Amino acid sequence: MDVTPELLQQFFNGECTAPQEQEIRQWLLQHPEIVEQYLTEENWNSFEHEPIAAAISDRMRRRISKKIRPVVPYRRWMMAAASVLFLFSIAGLLIKKKPVLPAEKRVAVAIPPRKLIQDTSFVTKTIKLPDGSIVSLLPGSSVCFDSVFGNRRDVDLVGCASFSVAKDHTRPFCVHAKNINVTALGTVFTVDDRNKITKVRLHEGKVVVQKESKALKNRVPVFLMPGQELQFDNVRFSDRVRSFIKKEPGKIKTTATTQAPANDIVLKFDNETMTAVLKKMEDACHVKIVVNETTLKEMRFTGAYKSSKETVEQFLNTLALLNHLKINKTKTGFLIQPDE
């Protein structure tokens with residue numbers, strides 16, 4: 001490279017490219033007398049050098065000493081000293097190596113592979129999930145799930161299938177269909193999304209049906225009881241709940257065995273706020289339920305409570321698990337808090 005005064009000026013102004021800077025530094029090491037012409041007093045006052053190897057600095061000092069007179073004015077001595085320091089810095093940039101920092105420790109998180117099962121036959125296929133739950137997959141349908149379940153049990157469904165869910169109150173079981181998802185806690189239910197109407201039938205236990213897409217953000221969860229079917233219109237984004245158990249004609253349930261016990265508490269809720277639900281539970285069951293109302297903001301419930309089927313604690317635990325809350329039993333009742 002032909003090092004011209006213009007190129008040197010660009011170098012000292014910090015306007016050169018990286019390859020140019022490297023070659024000019026090498027050239028300045030061979031021509032230290034040039035540095036004095038460009039190093040001003042202002043440079044000296046603001047200059048900060050970096051330490052370099054003793055052998056290199058001693059060689060530079062001897063070379064520059066040959067160029068200066070035995071007795072020099074103060075300013076000339078200062079300029080020479082500055083030249084030495086400047087060259088030290090250049091040499092340091094050439095030979096300095098960045099310390100090798102230890103690699104940041106990262107904890108490897110093993111993500112279980114997803115498993116896809118399709119029923120391409122003409123008969124229903126039975127599938128056992130990692131948690132022991134059983135899926136009856138209809139022809140032309142498919143399910144996708146983690147090969148090992150973690151804190152949740154999520155299954156993606158295309159088509160129609162029935163689920164017999166293994167009981168595990170610490171890990172909700174959730175089936176994701178077109179525009180809705182169904183969360184269960186030890187339950188038997190069927191999801192059919194093969195048509196524009198997605199149907200969810202509950203045969204045993206409890207499920208909650210919630211929105212799946214952002215388009216349904218204002219839709220409240222619906223809790224189903226055994227014998228109920230939710231029909232969701234994927235075009236109009238509307239739903240209705242009906243009973244799918246057909247009553248035999250001519251039979252009227254009048255016997256004492258079909259009536260609720262005299263002391264049985266039966267509460268029905270139709271899209272009520274969670275605050276109202278807990279208030280009714282308090283009044284009917286004579287139990288104290290403490291909760292901050294802001295915790296229950298926008299939570300609603302559709303379903304029923306029967307004291308002959310479950311205890312107050314079991315009912316509250318179901319509500320808590322499906323709404324990301326936690327229940328603590330107290331001396332006088334229960335304390336409900338966010339599950340953080």
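Considering every residue within segment 131-144, establish whether at least one is among the charged types (D, E, K, R), within 30 Å of residue 339 (Cβ to Cβ) and either modelled with pLDDT under 90 or in contact with a Pro (Cβ under 7 Å, 6 or more places away or on another chain) (or both). So far as segment 131-144 goes, no, none of its residues is among the charged types (D, E, K, R), within 30 Å of residue 339 (Cβ to Cβ) and either modelled with pLDDT under 90 or in contact with a Pro (Cβ under 7 Å, 6 or more places away or on another chain) (or both). Of the strands (runs of 3 or more DSSP E) lying entirely inside segment 287-330, those containing at least 2 residues that are charged (D, E, K, R) span 300-306, 325-329. Only a single item in (1) under 17 Å from residue 302 (Cβ atoms); (2) basic (Lys, Arg); (3) modelled with pLDDT under 85 is not met by residue 242, and it is number (3). Which of the numbered conditions does residue 331 fail, given that it passes all the others? Conditions: (1) at pLDDT 85 or above; (2) crowded, with 16+ Cβ neighbours inside 10 Å. Failed condition: (2). Listed conditions (1) polar (S, T, N, Q); (2) within 25 Å of residue 209 (Cβ to Cβ); (3) free of Cβ contacts under 8 Å to residues at least 12 places away in the same chain are all met by residue 271, apart from (3). State which residue is farthest from the chain's Cα centre (by Cα) when the search covers only segment 119-154 and only residues that are over 21 Å from residue 180 (Cα atoms) and polar (S, T, N, Q). Filtering first and then ranking leaves 121.
The values are calculated or read from the model by the stated rules, or taken from the named source; none is laboratory data. Note that the structure is a prediction, hence the values are computed from the model and not measured. Positions of Cβ are backbone-derived with ideal geometry, glycine not excepted, and every protein chain shown enters the neighbour counts.
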